[in-house]
Each structure stands twice: as C-alpha cells, then as structure tokens.
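Trainee: The structure that follows is given in the form of structure tokens.
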Amino acid sequence: MAALVAFVTAPDGRGALVAGAGETSLELVGALAPLVERAQELEAAGSTRWVWWSAAADAVPLVSAGLPVARCWDVAEAHRLLVGGWEATPQVAWAAAHGLARAGLPEATRGDLFDFSAAHSTEQAPDATGSSRVVRADSYLDPDAGTASWRPDDATLLAWGRAALDCARAQEAALGEVAPRAVAAAHSESAAAYLCLELARDGLPVDRATAERMIAEAAGARPEDEADARRIRAERDRAVLEHTPGRETTDLRNPLQVKELLASVGVVVPNTRKWVLEPFRETHPVVEALLEWRKAERIATTYGYPWLDAHVGPDDRLRGGWTACDGAAGRMTAQNGLHNLPTALRPAVAAHGGHVFVRADLGQIEPRVLAAVSGDEAFAAATRADDLYAPVASALGVERPVAKIAVLAAMYGQRSGAAGEALKGLERTYPVAMGYLDAAYAAGLRREPLRTYGGRLIRLDNVLADGPAEAVAAYDAARGRFARNAVIQGSAAELFKAWAATVRATTRDLGAQIVLCLHDELLVHVPQENAAETRRRLEQALTDSARRWTGSTRVRFVADASVIHRWSEAKD
C-alpha cells in the first residue's frame with residue numbers, strides 16, 4: 001500500500017512535506033524548491049500517494065517542475081464525490097469528513113475592530129493529532145487557514161499538512177461506506193485534477209498561420225484600428241441585410257429586431273435560435289445568410305484575433321484553465337475555447353513538427369455505461385458487438401435507427417413518437433436497465449439525492465426546485481429526466497477520467513502528452529515514430545481501466561482511435 005505524504009503550500013511561497021503516524025516519519029518545511037526536490041526523490045522511489053487540499057492550491061510547484069505524479073489524493077475532489085456540488089474549501093471538506101454541521105462553520109476574520117471571530121480562531125483543540133494549530137477547540141478548521149491572507153509559521157504549516165492527512169483518511173473511510181468503487185473513483189478524480197494542471201501548463205498545439213487564415217476567411221482581415229473594425233463588421237452585416245431592402249438599419253445582434261426582419265419576409269418564428277431557423281433555409285435567402293452570419297460573428301467576437309492573441313502563446317499552444325469536475329455530474333471543463341472551439345477552426349489544431357495526434361473517443365459510451373451500472377445481463381451482451389445498436393435492433397425487431405433513438409430516448413427521458421413505441425420493446429427486452437433509469441427518474445420526482453456508479457452524490461433538491469404552481473408537474477418531469485441522464489452521464493465521466501489517467505501513466509515513456517480531454521474524446525500529442533504504439537496502449541488502457549471500473553469484463557467498451565495531423569481529420 002502506498003504511504004500517504006502530504007504536500008501543502010502557503011501563500012508566501014513556502015510549503016511542507018508531512019508523512020504521518022504509521023508511515024516513514026517525515027516533516028519538512030520551508031522554501032518550495034528543496035521540498036520539490038525531496039518530492040521528486042520520493043516519487044522516484046515509488047509507493048507514495050500524495051495528499052493535498054486541492055491540486056490547484058498545492059500541486060502547482062510539482063507540475064511546474066514536471067513531476068509526473070503517479071498517485072495522489074485530492075481532498076477537494078474527494079469531497080465533491082462525497083457531498084456533491086462544487087464548493088470544496090478545506091474548511092468545508094474537513095467539516096464533512098468529520099461529521100461537523102455545515103451551519104457551524106466559523107467565518108474567516110475580517111481584521112477590523114468589530115470582528116469578534118478572531119478570538120475564537122485562536123482557541124486550539126487538544127494536540128491528539130498534532131494539528132492543533134489549525135484545528136479549533138470546537139473541532140472545526142481555522143477559517144483563515146489556506147486563504148490568500150494566511151501567513152502561518154513553520155509549526156502551523158506542518159500542522160496544516162497533518163490536518164490534510166487526517167482529512168484524507170477520514171474521507172477514505174467515509175467513501176468506503178458509500179459505494180464499492182468510491183475510493184477508486186477518488187483516486188482517478190484526484191489524478192484527473194493533477195492532469196488538469198498539466199493540461200493548463202502544456203496547452204493545445206495550434207498552427208497559428210492556419211488559425212489566422214481561417215479567422216480572416218470567416219470574420220475578415222485583422223482590423224488596423226477601431227474604425228477599420230467597424231467597417232469590417234458593417235460589411236459582415238451587409239451580406240445579410242442586402243436580402244431585405246428597406247431594413248438596412250436592423251441590428252442583427254438584437255433578437256427582437258431580427259424576429260421583425262424575418263417576419264417582414266414571411267418567416268414568423270418564436271425565437272431566433274439556430275435549430276428554430278434551420279427548417280426555413282429554403283424559405284428565403286435571408287435565413288441562409290443569417291445562419292452563415294452567425295458562424296462568422298461567433299468567430300469574430302469570441303474566437304477572433306483578440307482570442308488568438310490572448311490565449312495562444314509564443315510557443316503556439318492554446319492555454320486555458322481546466323477543472324476535473326463541473327460541480328454537477330462530474331464532467332471535466334475548460335476555459336478559453338478549449339471545450340467550445342468552433343468546428344470551422346479545428347484545422348488550426350495541428351501537431352507540431354515531428355509529432356502527430358493520436359485521437360480517440362469512446363464509442364456509444366452512455367449505453368455501454370448503462371449496461372454496466374444497471375447490471376442488465378441481456379443489455380451487457382449487446383455491448384459485445386462493435387455496434388451495440390445492431391443487436392438491440394434485432395432483439396426489438398426494428399430498424400437500427402429506431403433502436404438507437406429508443407436507447408437514447410430512454411436515457412434522456414423522451415417517450416413520444418417512434419421512440420415511445422420502441423421504448424415499450426426496450427422495457428420488455430431489457431427490464432433491468434430500464435428499471436434502473438426509471439428508479440432514477442422517480443428519485444428526481446421526489447427530489448431525493450442519487451449517487452453515480454463511482455459514488456458521486458447528485459443532489460436534486462436544487463434542480464428546478466422553484467417554479468410557478470401551474471408548472472409544478474412540468475418541473476418535476478424535467479427533474480426526473482435530468483436525474484435519469486445524470487446517473488449515466490456522471491458515471492461515464494468517471495470512466496473517462498479513469499481512462500485518461502491510465503493513458504497518462506502508460507504512455508509517458510513514449511513522449512506522449514494528453515493535450516485535450518473533451519467529454520468522451522482524448523487527443524494525445526506524441527512523436528511520430530511512437531504513434532502506433534501509443535494508439536495500441538491507449539486502446540489497452542481502455543480495456544484495463546474499464547475492467548477495474550466495472551469489476552468485470554461483461555461489458556465491452558470500445559474506442560475509435562486514429563493517427564492524425566490535424567484535429568479536423570478525425571471522424572465525427
């Protein structure tokens with residue numbers, strides 16, 4: 001078993017390394033550089049699981065030094081599994097792990113004459129755990145500890161490390177009671193949080209010249225000044241307004257004015273969303289022009305030259321912050337366009353010289369996850385096929401497209417039309433899987449919390465909780481639909497992160513670098529000569545991580561992997 005070693009930091013650039021009782025005795029405190037060197041030695045020796053309050057708060061020095069941490073326990077991510085939601089300060093995580101009431105959390109000191117909380121913060125608990133300098137007499141953590149203004153002395157910083165170890169042990173025990181796979185989920189969630197820092201450090205390779213050209217094609221040449229920018233914008237608008245003479249003053253950025261413009265040519269719509277306008281493409285040329293304008297406008301305003309200048313570095317890497325959990329079902333998120341880059345700009349995501357991308361996405365991931373988490377043996381058998389919809393269609397006696405719609409409708413709560421008829425067949429053929437989804441739906445109606453396969457708490461008391469009396473039934477139904485999908489989507493996110501962590505660990509010696517995690521898709525930047533072996537290991541990593549995640553091989557998971565030079569070369 002790996003020894004727990006805490007690595008914690010203070011805002012003044014110091015840190016502490018602490019190994020607690022029952023492990024190799026270790027207490028080091030001081031400047032970060034020698035602590036990082038000692039951490040590198042411990043990591044090289046193996047059998048260490050690093051503990052920190054959160055990777056974002058404590059692990060940055062290790063990531064900056066290029067330390068490829070193999071095992072870690074992130075207190076914040078473990079708390080998000082246990083309690084759900086996003087908030088995971090050390091004080092909140094400590095209270096939850098030790099069974100302390102959330103309502104009793106002390107407030108941080110404000111430092112003014114009327115702040116009486118300072119007197120309480122100096123009270124100390126008995127020194128049973130060696131962390132009395134940060135644990136108050138009422139068992140709560142010092143509310144100032146870990147904040148930006150906190151200035152601990154050496155002894156207090158060591159106590160902060162001991163408290164992190166104590167919290168991690170309490171969380172591990174609590175997760176062990178929650179679900180069989182919850183502790184393993186905490187391990188992979190923690191690894192994902194460390195990977196997020198590496199993703200932010202390394203960035204996504206970009207071909208700047210191609211990006212400039214594609215922005216110019218969509219939004220016009222780089223403006224010379226503000227007046228030139230207004231001229232280019234007017235030209236972009238003119239391509240739409242030329243189809244409606246007499247309405248040249250319409251502001252295309254004002255939805256109400258756009259509705260009036262469309263109504264003037266006989267296109268009456270409730271709103272101007274893309275999916276509403278799509279059916280009217282052939283009705284009048286202004287609709288097609290408006291939809292094309294939307295694409296160009298998005299690039300010009302969100303992914304134009306200012307975006308390129310601000311977020312793509314001199315090394316031609318697009319960087320943004322990453323998080324391992326969205327605070328809901330547990331999906332990874334990213335900033336600065338890394339998760340929302342328009343398809344039109346994907347050709348600009350290109351491997352650098354001597355490198356390629358190994359790109360893979362999990363095929364039909366949500367229905368395969370449903371087979372695993374529900375324990376439906378008949379549905380699990382369908383996952384043995386490369387295309388699970390084919391055996392499902394055969395079992396239902398319907399065409400494959402109908403079977404696909406039915407399976408997706410079951411997970412998203414649609415029950416009308418052709419999907420509703422096929423759902424009846426699903427319920428007869430795969431009663432265990434459908435019963436699992438129905439139970440989640442019922443919990444949503446009752447606003448009861450649910451847990452994913454890996455133990456993440458999904459709270460439903462604040463999902464569509466308030467609404468007008470006449471809409472209560474609709475809100476309840478919507479919450480039920482959210483619940484039946486959240487247990488699948490959240491479990492799929494856990495499997496994805498376990499897979500990504502395994503890929504990271506097993507391809508490092510090949511010079512491989514994960515540069516993008518997009519829902520169920522991985523993009524790995526690797527030296528060209530190692531591409532084939534990286535692809536093989538990536539596929540093996542899915543088999544291995546899925547077996548560990550499910551505890552069996554009954555459900556087959558597949559990845560569509562390819563070697564490409566540009567992201568746009570990948571199949572959709």
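Trainee: According to the square roots a ≥ b ≥ c of the eigenvalues of the Cα gyration tensor, what is the shape class of region 14-96, taking rounded for a/c under 1.5, prolate for a/b larger than b/c otherwise, and oblate for the remainder?
Mentor: It comes out prolate by the Cα gyration axes.
Trainee: On full extension of the chain, what length is gained from Asp309 through Asp225, given 0.36 nm per residue of separation minus the C-alpha to C-alpha distance?
Mentor: 28.7 nm
Trainee: Which percent of Cα-Cα pairs in region 208-309 sits in each 10 Å bin, short to long?
Mentor: In order of increasing distance, the bins hold 14, 45, 29, 11, 0 percent.
Trainee: Based on Cβ point charges of +1 for Lys and Arg and -1 for Asp and Glu, what charge dipole magnitude is obtained for the chain about its Cα centre, in debye rounded to the nearest 20? Walk me through the intermediate numbers first.
Mentor: Numbers: 63 positive and 74 negative charges, 290 e Å.
Its charge dipole is roughly 1400 debye.
Trainee: Please state the shape class of region 366-492: rounded when a/c is under 1.5, otherwise prolate if a/b exceeds b/c and oblate if not, all from the C-alpha gyration tensor.
Mentor: It comes out oblate by the Cα gyration axes.
Trainee: Another one. Would you compute, from DSSP H runs of 4+ residues alone, the mean residue ellipticity of the chain at 222 nm, taking -39500 (n - 2.57) per run and dividing by the full residue count, rounded to the nearest 500?
Mentor: Value at 222 nm, helices only: -15000 deg cm²/dmol.
Trainee: While we're looking at this one, here's another question. Just need log10 I(q)/I(0) for the chain at q = 0.06, 0.08, 0.12 Å⁻¹, Debye formula, equal scatterers on the alpha-carbon atoms, no solvent, rounded to two decimals.
Mentor: Debye curve over Cα of the chain, log10 I(q)/I(0) at q = 0.06, 0.08, 0.12 Å⁻¹: -0.38, -0.68, -1.32.
Trainee: Which of the listed residues, Gln489, Leu426, Ala56, is farthest toward the dipole's positive end in the chain, when Lys, Arg count +1 and Asp, Glu count -1 at the beta-carbon?
Mentor: In the chain, that residue is Leu426.
Throughout, read-outs are computed from the coordinates displayed, never taken from laboratory work. Only a predicted model underlies this, so the values are computations on that prediction, with no experimental measurement involved. Every residue, glycine among them, receives a Cβ derived from its backbone with ideal geometry; neighbour counts consider all protein chains shown.
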